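One structure is given below, encoded as structure tokens.
The values are calculated or read from the model by the stated rules, or taken from the named source; none is laboratory data. Just so we're clear, the structure is a prediction, and the values are computed from it rather than from any experiment. Here the Cβ positions follow ideal geometry from the backbone for every residue, glycine too, while neighbour counts run over all protein chains shown.
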Amino acid sequence: MHKSKRLFTSALLAVFMVFSLIGGSLAVPGPGQALIEGPPFKLEVTITAPSDNARFTACNYFEVVARVKNEPAEMVELSGEGEVEGSPPVFAYCVALTLEIDGPASTKEPLTKQVTKDEVCESLGPGESATVKWKLHCDGQGDVDITVTPTGFLFCCGECSSPMPCEALESDTITVRQFAAPAPQPRASACSAAMPGSVCCSPKTLRVSPEVASAGQPVTIAASIGNDGDADTAYSAVLAINGQVEETRTVNISPHGACPVSFTVCKNQPGTYTVDLGGSQASFTIVGDAAGSPMGNSGGLIAILILALLVVATGIVLALAFRKRPA
């Protein structure tokens, strides 16, 4: 009995739908009310991505996302003073969306896709919406007009039956503006022709040897000066130690080349010395006293005198020992 009741109800709904399609209304208006002109429902498509006039580089991909909604019409008062709450009853529909591409773009996916709600339900009920996506390949430079059009059939008794009228189907169109990727620009030189040659040169390496030396011991400071410019350059290498200019040397460097330069310094005062050459810095440390200082000379002389006295004393002792021995 319940099954017969469901079949009877479904049959009534189908008949009611047919009359609504023919008559252009889906419910009998009450007193003082009338239905709006046109079909009592519509499938409305809105392309939500990419946005209007979106820009994509040629030979890339972009995604088209279309949203479709089963939008019922509402009743209004005869006087036209305002809407009446509620809408006439509508049914669920089997919905498909068709993609049209006009321009240098393509897709490997089907142009027509069936709309499914929550990836399970194959129909779209009153007020419900769903989305369909396509992945498009940019085939070249130029504008691409993209249109998505819905198709709907009444979903009744588990089947798709009567098609929706064309005036109840609203499509949407956007334009995607494709442009070619800019050609890579050659890498600009670190120095322009207007810049002085010396500005293009700078120390690439700076070494100090030894880093710890005795007082008076020579210390070598070596550097490699690089030329990033496009012309031969005479570079003045200025060596400063603890902020004081120690020595200056001029080297000629070819374009995009390098030239070694070295200095030798001696310091007698113990302490740490900061080396600066063209903004590059290093340091070395002096320990102990200079070998030629008065203290160092006197110390060496005393040692020699003591050694001489020891030799003399040893000789005297040996001479006396041999003299006392009997013949």
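Note down all Cβ pairs under 7 Å where the first residue falls in segment 141-159 and is closer than 22 Å to Leu111 by Cα, the second is basic (Lys, Arg) and surrounded by fewer than 18 Cβ atoms within 10 Å (Cβ to Cβ), and they're at least six residues apart or on different chains.
Listed pairs, sorted by first residue: Asp143/Arg177.
Across segment 236-255, which residue is surrounded by the most Cβ atoms within 10 Å (Cβ to Cβ) among those that are more than 12 Å from Leu277 (Cα to Cα) and without any contact (Cβ under 8 Å) to a residue 40 or more places away in the chain?
So in segment 236-255, the residues more than 12 Å from Leu277 (Cα to Cα) come out as 250-255.
Still in the list and also without any contact (Cβ under 8 Å) to a residue 40 or more places away in the chain: 250-252, 254-255.
Working: Thr250: 10, Val251: 17, Asn252: 11, Ser254: 12, Pro255: 15.
Within segment 236-255, the match that is surrounded by the most Cβ atoms within 10 Å (Cβ to Cβ) is Val251.
Since Lys108 meets every condition but one in (1) modelled with pLDDT of 80 or more; (2) in contact with a Pro (Cβ under 7 Å, 6 or more places away or on another chain), which condition does it not meet?
Of (1) modelled with pLDDT of 80 or more; (2) in contact with a Pro (Cβ under 7 Å, 6 or more places away or on another chain), only one is false for Lys108: (2).
Can you give me the number of residues within segment 208-223 that are crowded, with 16+ Cβ neighbours inside 10 Å and over 12 Å from Phe263 (Cα atoms)?
The qualifying residues number 4.
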